[in-house]
1. Filter the range 176-194 for residues that are touching an Asp or Glu at 6+ places or on another chain (Cβ under 6 Å) and either open to solvent by less than 40 Å² (accessible area, probe 1.4 Å) or among the aromatic types (F, W, Y) (or both); which is farthest from L96 (Cα to Cα)?
2. Across the range 189-213, what is the total count of residues that are over 19 Å from the mean Cα position of the chain (by Cα) and hydroxyl-bearing (S, T, Y)?
3. Please go through the range 236-248 and pick out each residue that is under 18 Å from Q184 (Cα atoms) and either of a type in the set (G, A, S) or touching a residue at least 60 places away in the same chain (Cβ under 8 Å) (or both).
4. Go through the range 121-146 and give me each residue that's more than 22 Å from A208 (Cα to Cα), in a helix (DSSP H, G or I) and open to solvent by less than 40 Å² (accessible area, probe 1.4 Å).
5. Which condition number in (1) buried (at least 20 other Cβ atoms within 10 Å of the Cβ); (2) touching a Leu at 6+ places or on another chain (Cβ under 9 Å) is the one that A203 fails?
6. Could you grab me the full set of residues in the range 31-56 that are surrounded by 19 or more Cβ atoms within 10 Å (Cβ to Cβ) and either within 23 Å of P82 (Cα to Cα) or of a type in the set (S, T, Y) (or both)?
7. Under 8 Å by Cβ, and 6 or more places apart or on different chains, what pairs join a residue from the range 206-228 that is more than 11 Å from L126 (Cα to Cα) with one that is among the β-branched types (V, I, T) and modelled with pLDDT under 95?
8. Could you run through the range 147-167 and say how many residues are among the aliphatic types (A, V, I, L, M) and either closer than 23 Å to Y216 by Cα or open to solvent by 40 Å² or more (accessible area, probe 1.4 Å) (or both)?
Amino acid sequence: MPDRDDELPVLWHLKVSPYNEKARWALDHKRVPHRRRAAVPGGHQAIAKKLCGGSTFPVLLLDGEAIGDSTRVVEAVERRWPEPPLYPADPTEWRLALELEDFFDEQLGPHVRLLVLHHMLPDAKLLLGAFAPDLGRARRLVARAAFERQRRRIAAAFGIDDRSVALAYERVRAAGECFRAQLQPSGYLVADSFTVADLTLAAMVAPAVAPLEFPYPQPQRDHPRLAPLRDSLAESGLLEWALGIYARHRGRSAEVRSVAGAPTA
C-alpha cells in the first residue's frame, strides 16, 4: 500500500456515474488509500482529455500513469493489489466474470443511465441534486435559471426520445433475464464469491436503486419519478439483489481526505 500522501493513487470521478462508482468500489473493496477529485458533469471532459487523451471519467492516476475506462481501472487495481480478489482464480470462472462485466457495462449501464436521465429531466431540483451535488448556492441558482436550455441539450446529447426510452426498457429487461439465468445458489453471479461481475452489475443499477451504502447524496432514492425504472428492475429480482450486494460488500470508503485548503472530492 502507498505510505506517503504524494504516492497515493488519485481517482478523478463523477459522483453519480455507475462507471465511476465501479472504480471507487474496487479501490474501497481492496482498502487502497487514495485521493478523489470530483468534477461537474460536462466539465470533466476537458480534464479527461488533458489527463489521458479521452473524454470520460473515471481516470485513475497510478504510478505516474493515467488510466481511463472503468474496466481498465479495475484491472490495474486488481493487478497491483490482488487481495481480496475481484477476479476468480479458476480460469473458466475468470473468463465468465470478465464476460459478464463487459455485458453489463455495455448492455445495461448506458440504458439505465438514459432512463434515469429521462425520468429526472422534468425536475430541475432532482436532476441537479443528483448530478451536481457540489454546486454552491449562486451556481445552483444560475443552473436553475438556465435549466430549460440545458434540459434540451442533455436530451439531445444522450438521444433521449420515445424510441430510445422504449429500447432502453427492453435492454433492462434483457439484462434482468441474463441476471436470473446466471445467478448462482450462492447469491453471486460466478461460483460462490463476490467478483467483478457482481460489483459491475450492482454499480450499473446504482443510480436507479440508490442504495443506502452509496457514498454520495442520492436525492432520487424512492422518488416517484423513478418508480417505473425501479419496478422494471424489481421484476427480475435485480433491485432487491443489488441492495443486498451493496449491504454486504460496499463497505466504507478508503479515500484519504485532503488537508485543509486542498481540493477535495
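1. In the first step, residues of the range 176-194 are kept if they are touching an Asp or Glu at 6+ places or on another chain (Cβ under 6 Å); the result is 186, 188-191.
Adding the requirement that they be either open to solvent by less than 40 Å² (accessible area, probe 1.4 Å) or among the aromatic types (F, W, Y) (or both) leaves 188-191.
Details: Y188: 12, L189: 9, V190: 7, A191: 10 Å.
Here the residue is Y188.
2. Narrowing the range 189-213 to residues over 19 Å from the mean Cα position of the chain (by Cα): 190-193.
With the extra rule that they be hydroxyl-bearing (S, T, Y), the set shrinks to 193.
Here the count works out to 1.
3. Our first condition is that a residue be under 18 Å from Q184 (Cα atoms); within the range 236-248, this holds for 236-246, 248.
S236, G237, L238, W241, A242, G244, listed by residue number.
4. Correct list: A143 only.
5. (2)
6. V32, H34, R35, R36, listed by residue number.
7. Note: pairs meeting the criteria are P207/V16; Y216/V16.
8. Residues of the range 147-167 that are among the aliphatic types (A, V, I, L, M), as a first pass: 154-157, 160, 165-167.
Checking the rest, the ones that are also either closer than 23 Å to Y216 by Cα or open to solvent by 40 Å² or more (accessible area, probe 1.4 Å) (or both) come to 154, 156-157, 166-167.
Residues meeting the conditions: 5.
The values are calculated or read from the model by the stated rules, or taken from the named source; none is laboratory data. Keep in mind that what you see is a predicted model, and the values were worked out from it rather than measured. Because the Cβ atoms are built from the backbone with ideal geometry, glycine has one as well, and the counts that use them run over all protein chains shown. Ligands, DNA and RNA are excluded from the accessible area calculation, which covers all protein heavy atoms including side chains. Shrake-Rupley method; radii C 1.70, N 1.55, O 1.52, S 1.80 Å.
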